[in-house]
Amino acid sequence: MNNIKYKKNDLLIEGVSVRNLAKKFPTPFYCYSSKTIIEKFKKFKNSLKIDALICYAVKANPNIAILKILSKQGAGTEVVSEGELIRSLKAKINPKKIVFSGVGKSLNAIKLAVKKNILQINVESEEELELIEEITKKLKKRMQIGIRVNPDIDAKTHKKISTGRKEDKFGIDIKIAEKIFNNYRFNKYLDVIGLSVHIGSQITSLNPFKRAFLKISRMVKKININQKIIKILDLGGGIGINYNNDKVINFNDYAKIISKISKDLDCKLILEPGRMLVAESGILLTKVLYIKKNKKNNFAIIDAGMNDLLRPALYDAYHEIESVKNNKGQKKKYTIVGPICETADTFIKKKILNELNQGELLFFKNVGAYGSSMTSSYNSRPVIMELIIYKNKFSIIRKVDTVSNQISREKIPSLISKIK
Ligand SMILES: Cc1ncc(COP(=O)(O)O)c(C=O)c1O
């Protein structure tokens, strides 16, 4: 996969010059290579030697153009909100390929999911299950349900994106889940036939997956001993990517584990990858606003902030940054910071780069996942533009927001105007 590469002081994405894009559009902006997404999807799909429905985790990058690219490859989606469901429907994802997860689904979101006859709702509490039953009853519909269990497995990833330990808010305790399967066996409105698990994100070792999947397969065998109750296994997402010399999971090895555990279970499989399908497709182009020195640091202040790329501030995540120029020149150490009024708005400390100057173009790598999806307008900064490239052509897939648009949703009511 080499769709993003240097050529003569420029960075080309599928042949399109990033330097030219920066002449047309103000930085910062995200830019993606569609080919990279397609190649990643195909590589993953081909590594699976068994049939599985791949439901792309929309939260990684919810842009409807990206959903469309993936749906054209045969993907469904995994959604966690009404908004993500609406996006999936807008991108014409077949509702029978949509799985709805999440610990706090709203009433409206559940209603929409039921009305649209999506494939499955993965339930995370008994109260949620009762609410879904009420809704299906009212709407005279049936709904396929997956029970998300908490396997109490540490995914050995950043603590803020670990979701499968018993202290985490996600999933239902295995013992309680077993009872639910039994209690809902003959339910009029709900087909409680799915078992789902997702232990976290950016997982770089196979071991946590192995342990979680083994627990799950034992559970299926136990519940299905006399009668086949569990027919669907949703094994979630979580495969990590190489951000900073991270060791990555080989798709074939991952596929082998899945084949092994599912071999004698006779269940249909769902997988929910997010990050690894889209992360490597994206860059964030930014410009050096100022160079500023103090006694401890040589700052490069760039025009992208933590509101545009939150992962470093939120998870101390590392995103490689490089100059588009890629020239030789004198090496210097830079602390790369954004314009936001927070010390957390620091991307990388003491990064060795060729000497930087005001106006210089830099780009963050591997920001296609959990980059644009986490943008905000903090400090009243407009949410930035997203571009996509496909075979030498580019297109805007999200327009830059404007401050006047932000303000247009606000008002100064008369009760405030009257204040003396
Ligand atoms: C339920 C569920 N499925 C899938 C994913 C996607 O994970 P990843 O992007 O790490 O593949 C997530 C994200 O954490 C999730 O919460």
Residues within segment 223-237 that are in a loop (DSSP other than H, G, I, E, B), open to solvent by 10 Å² or more (accessible area, probe 1.4 Å) and within 16 Å of the ligand (Cβ to nearest atom), tallied
0
Can you tell me which of LYS42, LYS7 is out of contact with any Cys (no Cβ under 7 Å at 6 or more places or on another chain) and under 19 Å from ILE241 (Cβ atoms)?
LYS42
I'm checking my understanding of the structure. Among residues of segment 356-374 that are under 14 Å from LEU289 (Cα atoms) and open to solvent by 10 Å² or more (accessible area, probe 1.4 Å), which one is nearest to the chain's Cα centre (by Cα)?
LEU361
Looking at VAL114, VAL123, can you tell me which residue is closer than 23 Å to CYS267 by Cβ and in contact with a helix residue (DSSP H, G or I) (Cβ under 7 Å, 6 or more places away or on another chain)?
VAL123
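With LEU387, LEU362 as the choices, which residue is of a type in the set (A, V, I, L, M, F, W, C) and farther than 27 Å from VAL58 by Cα?
LEU362
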Residue tally, condition within 16 Å of the ligand (Cβ to nearest atom) and open to solvent by 70 Å² or more (accessible area, probe 1.4 Å), over segment 208-222
0
Sole exception among (1) surrounded by fewer than 18 Cβ atoms within 10 Å (Cβ to Cβ); (2) more than 30 Å from LEU195 (Cα to Cα); (3) touching a strand residue (DSSP E or B) at 6+ places or on another chain (Cβ under 9 Å) for LYS295, by number:
(3)
Note: among ILE54, ILE69, just one is in a helix (DSSP H, G or I) and either under 18 Å from the mean Cα position of the chain (by Cα) or buried (at least 19 other Cβ atoms within 10 Å of the Cβ) (or both), namely ILE69
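Suppose we filter LYS105, LYS156, LYS160 for residues that are at pLDDT below 95, under 23 Å from the mean Cα position of the chain (by Cα) and more than 21 Å from TYR254 (Cβ to Cβ); which single one remains?
That would be LYS160, the only listed residue that is at pLDDT below 95, under 23 Å from the mean Cα position of the chain (by Cα) and more than 21 Å from TYR254 (Cβ to Cβ).
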Show me the strands (runs of 3 or more DSSP E) entirely contained within segment 85-202 in which 3 or more residues are away from the ligand (no atom under 16 Å from the Cβ).
190-196
Candidate set: segment 238-284, residues that are away from the ligand (no atom under 16 Å from the Cβ) and open to solvent by less than 10 Å² (accessible area, probe 1.4 Å); chosen: the one nearest to PHE41 (Cα to Cα):
ILE283
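The values are calculated or read from the model by the stated rules, or taken from the named source; none is laboratory data. Predicted model only: the values in this text are computed from it and were never measured. Note: ideal-geometry Cβ built from the backbone for every residue, glycine included; neighbour counts use all protein chains shown. Note: areas computed on protein heavy atoms with side chains; ligands, DNA, RNA excluded. Shrake-Rupley method; radii C 1.70, N 1.55, O 1.52, S 1.80 Å.
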